[in-house]
Amino acid sequence: MSITVGTIDAIMRFPIKSLLGESLEECEIVAAGLLGDRGHALLDPSTGKIASAKQPNLWRDLLTFRARTASEMDPRAIVVSDGVGNKVDLSDPDFDAKVSELLGRTVKLINVRPTGIELNRARPDEVMTEGMDAKVTQDVLAIAAAAPDGGFFDFAPLHVMTSASLDAVRSAAPAASIRAERYRPNIVIETPPSMVFGENQWIGRKLRIGQSVSLEVIAPTPRCAVPMLAHGALPQSREAVAAVNALNRIEFPLLGPGTFPCLGAYARVLATGAISCGDPVVLE
């Protein structure tokens, strides 16, 4: 049975993995997800792995940078800026050197996903206990296991989240500056409060957006340490993950046995097309 679950409230794109992104009113959904989303990443040449804020003791300063698309006609036209006014265009031949200098760590921009590329993921429970600077246990995460068409995704091409679930976390931690940006979804769906953590029941079902787009929801989204970190003007917030941990722990077999704090769901693209804020979202 089909049911309208809500409308699109926000569309978010992150042109470079682990940097802050941009909010959109509309965007194309292609086979690889939101057009231009996570099409680039920064490589740590010392390890051969993706530089990721999931390893906060080394890479949390990535979240002081923002990547914006300068032209919708060319999603590769990207400008990276820091919080104090410095800007570097992706087309700059010295992009790597300039961003490395601003970051204080050597990085290399890549736009083709190497086979088997990985990143280190700090265990969020240990980060919550021991702090952002601690050298905690690192799990190795294979990039984009459910994204065969390219892109530097944690797992799947799209990450969706309901406003009801986000509001539940906000209510549990009212002083924690809970914002969707902390959890880095592509699509936030405005839903009634009764649908809190409804994403858990969407696994294996389809979402139809607007006239043509169809998605298959394939897994819950486990939360890493990233939502705890400062995101631009948003301050550090341990409760951003602690509240999810208290409210919604479910299984995610790729991380091993047991349950994990989850918020939102991963999806893959069945049918492409344009989406806009305000579009109806139907669960099929």
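The values are calculated or read from the model by the stated rules, or taken from the named source; none is laboratory data. Computed from a predicted model, the values in this text were never measured in an experiment. So basically every Cβ, Gly included, is an ideal-geometry build from the backbone, and we count neighbours across all protein chains shown. Side chains included, ligands, DNA and RNA excluded: accessible areas come from the protein's heavy atoms. Shrake-Rupley method; radii C 1.70, N 1.55, O 1.52, S 1.80 Å.
One decimal place: the segment GLU25-ILE203 gains 61.4 nm when fully extended, by the rule 0.36 nm per residue minus the C-alpha distance. Within the same chain, lysines fewer than 8 places from LYS108 are excluded, and of the rest, those with a Cα less than 22 Å from its Cα are LYS17, LYS49, LYS54, LYS87, LYS98. The residue list LEU63, LEU215, ILE189 was ranked by how far each Cα lies along the charge dipole of the chain toward its positive end, using unit charges on Cβ atoms, and LEU63 comes out on top.
Based on DSSP H segments of at least four residues, each scored -39500 (n - 2.57), the chain has a per-residue ellipticity at 222 nm of -3500 deg cm²/dmol.
The length gained by stretching the chain between GLU284 and ARG123 to full extension, at 0.36 nm per residue less their Cα-Cα distance, is 54.5 nm. Contact order for the chain, expressed relative to its length and based on alpha carbon pairs under 8 Å spaced 6+ residues apart, stands at 25 percent. Note on the chain: antiparallel DSSP beta bridges, both residues inside, total approximately 90 percent of the bridges counted. Computed from backbone phi with θ = phi - 60° and the Karplus coefficients 6.51, -1.76 and 1.60, the 3J(HN,Hα) list for the stretch 265-278 is 8, 8, 9, 10, 8, 9, 9, 8, x, 8, 10, 9, 4, x Hz; x is used for glycine and proline. I want to verify a result. In a Gaussian network model of the chain, Cα cutoff 10 Å, which of these has the top mean-square fluctuation: ASP89, ASP149, ASP61? Sorting by GNM fluctuation, first place goes to ASP149.
The charge dipole of the stretch 1-148, taken about its Cα centre with unit charges on the Cβ atoms of Lys, Arg (+1), Asp and Glu (-1) only, comes to about 380 debye.
Considering only VAL226, VAL84, VAL160, the Gaussian network model of the chain with Cα springs below 10 Å gives its largest mean-square fluctuation to VAL84. Rounded to whole numbers, the Karplus 3J(HN,Hα) couplings from phi for the stretch 197-203 are 6, x, 4, 4, 8, 8, 4 Hz, using 6.51 cos²θ - 1.76 cosθ + 1.60 with θ = phi - 60°, and x at Gly and Pro. Only protein atoms count toward the accessible area here, which uses a 1.4 Å probe; on the chain, the carbon and sulfur part of that area reaches 51 percent. For GLY198, the shell of other residues with beta-carbons less than 15 Å away shows a net charge of -3, using +1 for Lys and Arg and -1 for Asp and Glu. The Cα center of the stretch 132-157 and the Cα center of the stretch 216-254 differ in position by 14 Å. Centre-to-centre, using Cα atoms only, the stretch 24-90 and the stretch 169-204 are separated by 23 Å. Computed with a 1.4 Å probe over protein heavy atoms only, the accessible surface of the stretch 1-122 comes to 47 Å² per residue. Here the 3J(HN,Hα) profile of the stretch 13-18, calculated from phi with Karplus coefficients 6.51, -1.76 and 1.60 at θ = phi - 60°, is 10, 10, x, 10, 4, 6 Hz, Gly and Pro shown as x. Close amide-amide hydrogen proximity is noted between ILE78 and ALA70, LEU90, SER91, each under 5 Å apart and 5 or more residues distant or on a separate chain (H modeled in the peptide plane; Pro and chain starts excluded).
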